[in-house]
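S.K.: One structure follows; several queries about it will come next.
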Amino acid sequence: PVLVVDFGAQYAQLIARRVREAGVYSELIPHTATAAEVAERNPVGIILSGGPSSVYEPGAPTLDPGVLELGIPTLGICYGFQVMAQQLGGEVANTGLREYGATDATLAGDGGVLLGGQPAEQNVWMSHGDQVAKAPEGFDVLASTAATPVAAFGNAERNLYGVQWHPEVKHSDHGQDVLENFLHKAAGLPADWNSGNVIAEQVEKIRAQVGSGRVICGLSGGVDSAVAAALVHKAVGDQLVCIFVDHGLLRKNEREQVEQDYVASTGVRLVTIDARDQFLSALAGVSDPEQKRKIIGREFIRTFEQAEAALVAEAAADGEPIRFLVQGTLYPDVVESGGGAGTANIKSHHNVGGLPEDLQFELVEPLRTLFKDEVRAIGRELGLPEVIVGRQPFPGPGLGIRIVGEVTADRLAILQDADAIAREELTKAGLDDEIWQCPVVLLADVRSVGVQGDGRTYGHPIVLRPVSSEDAMTADWSRLPYDVLSKISNRITNEVREVNRVVLDVTSKPPGTIEWE
Ligand code: XMP
């Protein structure tokens, strides 16, 4: 792999994704890894990420100097660029000049291997206080800006390069070209990592792990479990059985999409548990969000475990017990729970259907090395329906936490209709890629006066909460075109009974969370 050394900024995962977009497999590694540990991973290239610190600060993250002596093509970015300069005998200084945001960079000469072929003037995204005052001996300066004389450098002989700006963010005009020049030209790596290869590799691995054993998987209706199960099915066919719990808090037609479209395209064996009444009675009279979440979580686990126990018993009677459980764990979860890097980025994973402590199954996690967009690409390659592969993130507790107030069958039906209209119009407007997700919320405990036809109405408001985000940890409200908002509003107030008002949530996260409850 290409190893991305994580200096603790939010950029490291993004760099790894961009490298993979260039067709080269990459993994994250903490900056505390020693040169020997780095060498053990057989990297074909190394990228040093940005970081929040100054190289002079006491306790600033460092790099084993041996890493730069391994003879592996290396690119330093921002903080990583400064670490490189410092370790190789250049100078890093705090000149009091800061650059933040869009900045003009000018290439020096032809820009060398790293920047060759790019326009002499380009817009780059900067975020730094310190700067490289002098390039190390043997290094050519490849670019500069008004405030930063050494904005990029390179030593073609040693295959060591660095840039002060962030090529991994889309605001840098030729950012991806910088990464691709480094990977393909400097390091000579072919672009041969793609979804087809990943599928072939995972299928092999799953077969090796599972053998003739039986496997079980809980489908949530979301992308991750759907793709994970499809991969396992491709590998071991009907040794896999899936369980899908319909708790009644799903979106409109979601159950049919799983039972019909998904099953038709994968051939997966599916057991659906209809637990709608059970969930509604458990939620009766409850308005408090935390209480709702707890009840839904508890009922879910209870239902899932019953279904699972029945299948386990059946399989055991059959002589071939169920030994494996499929989980749609993704790479960011692995990294964030400390499995991949030293990032102190603690996130609480609130998954309904969280695993019991005394897990009796061995886990099969075919998506452990993948990012979400890669999982979608694999799903498409496997022929899964777009309604599932293109699906927005959806919380485990479902529409239960998008009804402010008590959850009832009537209210669920209202929200399902409004949500279906909003999603349909967003898709029609081609906005699915621009927004991260758009929760639609029913303010069931609020009423407002309206006029529809000739009469006064006293109905409920619907809130649209479109957000853009990279990872749901932070988010901004999406600036949707007015005509799309207008269309959604018109259709919801015309087509959904009891709704006489549509409002737009214009709060970023923080301070607002994405969901209302
Ligand atoms: P918040 O509301 O915390 O949401 O900003 C961040 C992301 O997580 C999703 N979310 C959940 N996902 N179980 C889940 O699987 C949950 O209980 C849950 N609560 C929120 C939310 O949709 C958003 O993508």
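S.K.: Helix-derived [θ] at 222 nm for the chain: sum -39500 (n - 2.57) over DSSP H runs of at least 4, divide by residue count, nearest 500?
M.R.: Computed ellipticity for the chain at 222 nm equals -9500 deg cm²/dmol.
S.K.: Would you please classify the overall shape of the chain from the alpha carbon gyration tensor, given that a ≥ b ≥ c denote the square roots of the eigenvalues, rounded means a/c under 1.5, and beyond that prolate means a/b larger than b/c while oblate covers the rest?
M.R.: Oblate shape, in that a/c is at least 1.5 and b/c is the bigger or equal ratio.
S.K.: Moving on. Which lysines have a Cα less than 29 Å from the Cα of LYS252, not counting those fewer than 8 places away in the same chain?
M.R.: Leaving aside lysines fewer than 8 places away in the same chain, those within reach of LYS252 are LYS234, LYS292, LYS294, LYS372, LYS428, LYS487, LYS509.
S.K.: So for each of 272-278, 79-85 I average, over its residues, the number of other beta carbons within 10 Å; can you give me the resulting order with the highest mean first?
M.R.: Listed from highest to lowest mean packing, they are 79-85, 272-278.
S.K.: Quick one: which of 18-26, 257-265 comes out on top by average Cβ neighbours within 10 Å, and what's the full order, highest first?
M.R.: Most protected by this proxy first, the peptides run 18-26, 257-265.
S.K.: On to the next question. So for the chain, taking the charge dipole from beta-carbon charges (+1 Lys/Arg, -1 Asp/Glu), which of GLN13, ILE77, LEU3 sits furthest toward the positive end?
M.R.: GLN13
S.K.: Something else about it: Quick check on segment 246-300: take the gyration tensor over C-alpha atoms, sort the square-rooted eigenvalues as a ≥ b ≥ c, and tell me if it's rounded (a/c under 1.5), prolate or oblate.
M.R.: Prolate shape, in that a/c is at least 1.5 and a/b is the bigger ratio.
S.K.: Whole-Hz Karplus ³J(HN,Hα) for segment 496-503, in order, using 6.51 cos²θ - 1.76 cosθ + 1.60 and θ = phi - 60°, x for Gly and Pro?
M.R.: Once rounded to whole Hz, the list reads 10, 5, 6, 10, 10, 7, 10, 10.
S.K.: Does segment 2-186 classify as rounded, prolate or oblate by the C-alpha gyration tensor (a ≥ b ≥ c root eigenvalues; a/c under 1.5 gives rounded; else a/b over b/c gives prolate, otherwise oblate)?
M.R.: rounded
S.K.: Sticking with the crude label model, points 7 Å out along Cα→Cβ, report the distance from GLU305 to VAL449 in nm, one decimal please.
M.R.: Placing both labels 7 Å beyond Cα along the Cβ direction yields 5.2 nm.
S.K.: Still on this structure: As I understand it, the value is the acute angle between the Cα axis of helix 195-210 and the longest principal axis of the Cα atoms of the chain; what does it come to in degrees, rounded to 10?
M.R.: Once rounded, one gets 70 degrees.
S.K.: Measure nothing fancy, just the Cα-based angle from helix 372-381's long axis to the longest principal axis of the chain, in degrees from 0 to 90, nearest 10.
M.R.: Here the helix axis deviates by roughly 70 degrees.
S.K.: Just tell me which lysines come within less than 22 Å, Cα to Cα, of LYS185; anything on the same chain fewer than 8 places away is out.
M.R.: List returned: LYS170.
S.K.: Here is a follow-up. Relative contact order (percent) for segment 2-186, with alpha-carbon contacts under 8 angstrom and 6 or more residues of separation?
M.R.: Once normalised by length, the contact order is 21 percent.
S.K.: Another question, if that's okay. Among LEU330, ALA284, PHE244, whose Cα projects farthest towards the positive end of the dipole of segment 202-344, with charges put on the beta-carbon of Lys, Arg (+1) and Asp, Glu (-1)?
M.R.: LEU330
S.K.: Against the longest alpha carbon principal axis of the chain, how many degrees, from 0 to 90 and to the nearest 10, is the axis of helix 223-236 turned?
M.R.: 90 degrees
S.K.: Also, quick follow-up: Take every Cα pair under 8 Å in the chain that's 6+ residues apart, average their separations, divide by the length, and report that relative contact order as a whole percent.
M.R.: 11 percent.
S.K.: I would also like to ask the following. What do you get for trypsin sites (Lys or Arg not before Pro) in segment 354-448 restricted to DSSP loop and a cutoff of at most 15 other Cβ within 10 Å of the site's Cβ?
M.R.: Of the trypsin sites (Lys or Arg not before Pro), the ones in loops of segment 354-448 whose Cβ has at most 15 other Cβ atoms within 10 Å are ARG447.
S.K.: Might you report the magnitude of the Cβ-based charge dipole of segment 195-389 about its Cα centre, with Lys and Arg at +1 and Asp and Glu at -1, to the nearest 20 debye?
M.R.: Here the size comes out at about 280 debye.
S.K.: Whole-Hz ³J(HN,Hα) for each residue in segment 77-93, computed from phi via Karplus 6.51 cos²θ - 1.76 cosθ + 1.60 with θ = phi - 60°, x for glycine and proline: what do you get?
M.R.: 10, 6, 4, x, 5, 6, 4, 4, 4, 5, 6, 9, x, x, 10, 10, 9
S.K.: Let's see if you can work this out: charge +1 on each Lys and Arg Cβ, -1 on each Asp and Glu Cβ, no other charges. What is the dipole magnitude of segment 404-517 about its Cα centre, in debye to the nearest 20?
M.R.: The calculated dipole for segment 404-517 is roughly 440 debye.
S.K.: For segment 403-504, with the dipole built from +1 on Lys and Arg beta-carbon atoms and -1 on Asp and Glu ones, taken about the Cα centre, which of LEU412, GLY455, MET473 lies farthest toward the positive end?
M.R.: Positive-end residue among those listed: GLY455.
S.K.: Amide H neighbours of LEU28 under 5 Å, counting only residues 5+ apart in sequence or on other chains, H built in-plane at 1.01 Å?
M.R.: VAL4
Any read-out appearing in this document is the output of simple, stated calculations on the displayed coordinates, not a laboratory observation. All values derive from a computational prediction rather than experimental measurement. Virtual Cβ from ideal backbone geometry, glycine too; neighbours counted across all protein chains shown.
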